[in-house]
Amino acid sequence: MELTASEKAQFASQGFVVLRGCLAEADLAPLDAAYEQRVADVAERLVAQGRIRSDHSGLPHGRRLAALVEELGPQAYDGFQIHELQGEWPEAFDLYQARLPAAFEFMFGERLGAALESLLGTPELTVHPSQHVRPYLPRRGPGLPQPNQAAWHQDRVVYRREADASQIVTCWCPLVDCDANSGCLRMIPGVREMLQTVDAPDPDSAAEFDGQPSGIEPAALAAAGTPVDVPMKRGDVVLFSSLVPHAGLPNDSDRIRWSIELRFQASGTPTGRPAHPEVVVRSADPTTVQRSYEEWSDRWVAALDATRELTWQETLGEISGSVEWAELWKQGRSEEVAARNRTIAEVDSRVGSPGTNSRL
Ligand SMILES: O=C(O)CCC(=O)C(=O)O
């Protein structure tokens, strides 16, 4: 689906655009089926391990994982994480950990590819290694933690500086309808610089967002603008710039908010995540498209093996992501911050501008 001139203009001015009904059931149903099976596998394993008594097989996909985790107890529930090295089942859910063939196929979807091609102005597209499937379990009650919640951040914060000149567009797709009550995204539109970050893992120095530490310094966030909620339906896609501050709202519904997110960029531009594999998904020359599921999966296995003993910071590089940005501010290196901001803002402002060809 090609973007219209007004959708491109919206992306350029707001930093994000929602493409209503961009995806078809044919794009989404295989993901549901694959993750349904994955939840069934996890249930079977937990029952076999004697950790839970019921496999909750009578429940719909929208509730089953929550019931499994609930049976493990409140601590497991509140601490549920999809990310590596955390949580109960490190391999179970996140896109690059689970590596389900359906998720790999999703990266090559024609509707998504056409949308990104028209936004980025090039048919040479790569999917960035930052890629996630996020089940937001319904939280146990107001004021309690939202398992797996993404607090305020700009995606740019987790790319190393070598990617400052890369246009990296996030593409977030809910697999279920979601609104402000059920965990839609909240965004601050139109921001064109990196806000002052704090080290997100340090709860003492971070702003609170629904009880979770946020990676953005509170005053910087408050000054950035007025947040808007972005309710979406299954099939909608939101494309956003790596400079748009955003967060996931808590899920106070009784259904799991499943979502998948990818990031696209022009092939050959640095990802800023060199330890993890990107994948070429679209090209004018089809022989360059990395279409082999086995190769993709093997590259992830090798990358994860190579970094298994390392911390997140060590994996990303000697100084990484939010730590790198936080260090610059902490050390008062405002000139360096400003220079990086100018580069990124200049690059990002070209994305989506009607009539520009942003091929790098
Ligand atoms: O799924 C969410 O709630 C957060 C998503 C997010 O932070 C992202 O796509 O960058």
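Quick note: the coordinates plus some simple rules give every number you see, no bench work behind them. Not measured: the values here are computed from a predicted model. Here the Cβ is made from the backbone with ideal geometry for all residues, glycine too, and neighbour counts use every protein chain on show.
The table below lists the values:
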{"quantity": "Percent of Cα pairs exceeding the 12 Å cut-off, where the set is segment 140-190", "calculated": "78 percent"}
{"quantity": "Student exercise, the chain dipole from Lys, Arg, Asp, Glu Cβ charges, in Debye to nearest 20", "calculated": "560 debye"}
{"quantity": "Cβ-based exposure ranking for Arg273, Arg340, in which fewest neighbours within 10 Å come first", "calculated": "Arg340, Arg273"}
{"quantity": "Computed Rg/Rh of the chain, alpha carbon atoms with Kirkwood Rh", "calculated": "0.94"}
{"quantity": "Lys/Arg +1, Asp/Glu -1 at C-beta; segment 1-107 dipole; positive extreme among Ala26, Ala102, Gly73", "calculated": "Gly73"}
{"quantity": "Choice from Gly58, Gly248, Gly183 with maximal GNM fluctuation in the chain (Cα, 10 Å cutoff)", "calculated": "Gly58"}
{"quantity": "Size of electric dipole in segment 1-120: Cβ of Lys, Arg +1 and of Asp, Glu -1, about Cα centre, debye, nearest 20", "calculated": "180 debye"}
{"quantity": "Helical segments meeting 27 Å axial Cα length and Kyte-Doolittle -1.0 threshold in the chain (DSSP H)", "calculated": "25-48"}
{"quantity": "Length gained when the stretch Arg350-Ala302 is fully extended (0.36 nm per residue, less Cα-Cα span)", "calculated": "13.8 nm"}
{"quantity": "Cβ-based exposure ranking for Asp179, Asp254, in which fewest neighbours within 10 Å come first", "calculated": "Asp254, Asp179"}
{"quantity": "Fully extended contour minus Cα-Cα distance, from Asp41 to Asp229, at 0.36 nm per residue", "calculated": "64.2 nm"}
{"quantity": "Ser6-Glu335 FRET efficiency (beta carbon distance; Förster radius 41 Å; 0.05 resolution)", "calculated": "0.65"}
{"quantity": "Table column - 3J(HN,Hα) (Hz), segment 235-247, Karplus curve with 6.51, -1.76, 1.60, x for Gly and Pro", "calculated": "x, 6, 9, 10, 9, 9, 5, 6, 9, 7, x, 8, 8"}
{"quantity": "For Tyr96, Tyr293, order by how many other beta-carbon atoms lie within 10 Å, fewest first", "calculated": "Tyr293, Tyr96"}
{"quantity": "Extension reserve of the Ser54-Asp177 stretch, reckoned as 0.36 nm per residue once the Cα distance is removed", "calculated": "41.5 nm"}
{"quantity": "The chain: calculated mean residue ellipticity at 222 nm from DSSP helix runs of at least 4, using -39500 (n - 2.57)", "calculated": "-10500 deg cm²/dmol"}
